[in-house]
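Report on the structure given below.
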């Protein structure tokens, strides 16, 4: 869910029923403090941008005397320095709710709408939240109905499903609860009709995809070590979740994990295997704004995008895809090829938001060829068999989660009559 809509949902939908876990008061306090720190970071960043604009615009003014120039430089410099100092000082002692966002976090820290807000914040700023040790950063867990599953509960899911598991991996700026859309949840429905045990991954989508993949690989390895049963793992992934799943498999194979041998099916819904069109467009905005000295500061605002979002530019899956590349240099696709696992049945759903399959933006975020893993370079073509691909029309990126035609395709692929 784009961040704007997550914020709008909170202000327009009122207070949905809470889903509590842990100590609500403690959770509310830590999240409120997290918002305070995040707000301070934002104020400091904007101060830098304003100062940068001031320095660039000042030379355009009429010629000033040496004294006037000195006063402007000295006074403006003093103002900016004091603004930073005051902001930092206030930030150290913030312990009350800040505006509507903090009130929401304090009053209903684990509600559906609050979790949607936190997911959006993590999608846009998640890497910064982790680096600054902000309590708003989402840790990776397996969950059901918004609740973290401990080892005892995970064993129970395994036992009830007779060892057949369906792991659900959500997309950018989203969380596990948002698989439920328009009253429908692919995971719940597939589990009910097949007997598989549905387990939902919850993670910080602002981190590098390769970092999330490494964590996911470890989480799956811990899961399969909980039981002596013969297990079968299936993964259903939406958008970025598909790249995280591919990354996890790559890490697990190189680490000698057991779970890749147990992975049966991997299904992608609108996964940008070769990048997302709108992230690439965002970089052109960077280029245009950064080309003129007077607009450079505004380009800095555009660049406030997480590592996870920037990884979507070309579909980075491995650490080597991004580690040596400057994010905002227009050097093109620097990925190394990473084929899909040949021991796993892989499927892909791609859609067009319009009637025509030739709509250039595909589902509005991911082009059809990217979602199908198709590439003009054979080394990057994922070679998913045609029988394991499906293309729909009049279905946008979010409707992939609830469209009846998509669900019927999933039932066929999971061999549910």
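The values are calculated or read from the model by the stated rules, or taken from the named source; none is laboratory data. Note that the structure is a prediction, hence the values are computed from the model and not measured. Positions of Cβ are generated from backbone atoms using ideal geometry, with glycine treated the same way; all protein chains shown enter the neighbour counts.
For the range 166-180, a residue qualifies if it is surrounded by 24 or more Cβ atoms within 10 Å (Cβ to Cβ) and touching a strand residue (DSSP E or B) at 6+ places or on another chain (Cβ under 8 Å), and the qualifying residues are 166, 167, 168, 169, 170, 171, 174, 175, 176. Within the range 307-326, the set of residues being modelled with pLDDT under 75, surrounded by 14 or more Cβ atoms within 10 Å (Cβ to Cβ) and in a loop (DSSP other than H, G, I, E, B) comprises just one member, 325. Total residues in the range 126-136 satisfying the condition of being in a loop (DSSP other than H, G, I, E, B) and surrounded by fewer than 19 Cβ atoms within 10 Å (Cβ to Cβ): the figure is 3.
Residues that are closer than 22 Å to residue 377 by Cα, in contact with a helix residue (DSSP H, G or I) (Cβ under 7 Å, 6 or more places away or on another chain) and assigned to a loop (DSSP other than H, G, I, E, B) were ranked within the range 341-362; the one that is modelled with the lowest pLDDT is 361. Residue 226 fulfils the conditions (1) at pLDDT below 95; (2) outside any helix (DSSP H, G or I) except for a single criterion, (1). Scanning the range 137-153 for residues that are under 17 Å from residue 227 (Cβ atoms), part of a loop (DSSP other than H, G, I, E, B) and in contact (Cβ under 8 Å) with a residue 40 or more places away in the chain returns a single hit, 149. Filtering the range 261-275 to residues that are touching a strand residue (DSSP E or B) at 6+ places or on another chain (Cβ under 8 Å) and surrounded by fewer than 19 Cβ atoms within 10 Å (Cβ to Cβ) leaves 262, 264, 265. Scanning the range 351-384 for residues that are crowded, with 18+ Cβ neighbours inside 10 Å and at positive phi yields 362, 364, 373. Please verify whether the range 108-125 includes one or more residues that are part of a loop (DSSP other than H, G, I, E, B) and in the same structural domain as residue 228 (by TED's automatic domain parsing). Scanning the range 108-125, I find no residue that is part of a loop (DSSP other than H, G, I, E, B) and in the same structural domain as residue 228 (by TED's automatic domain parsing), so the answer is no.
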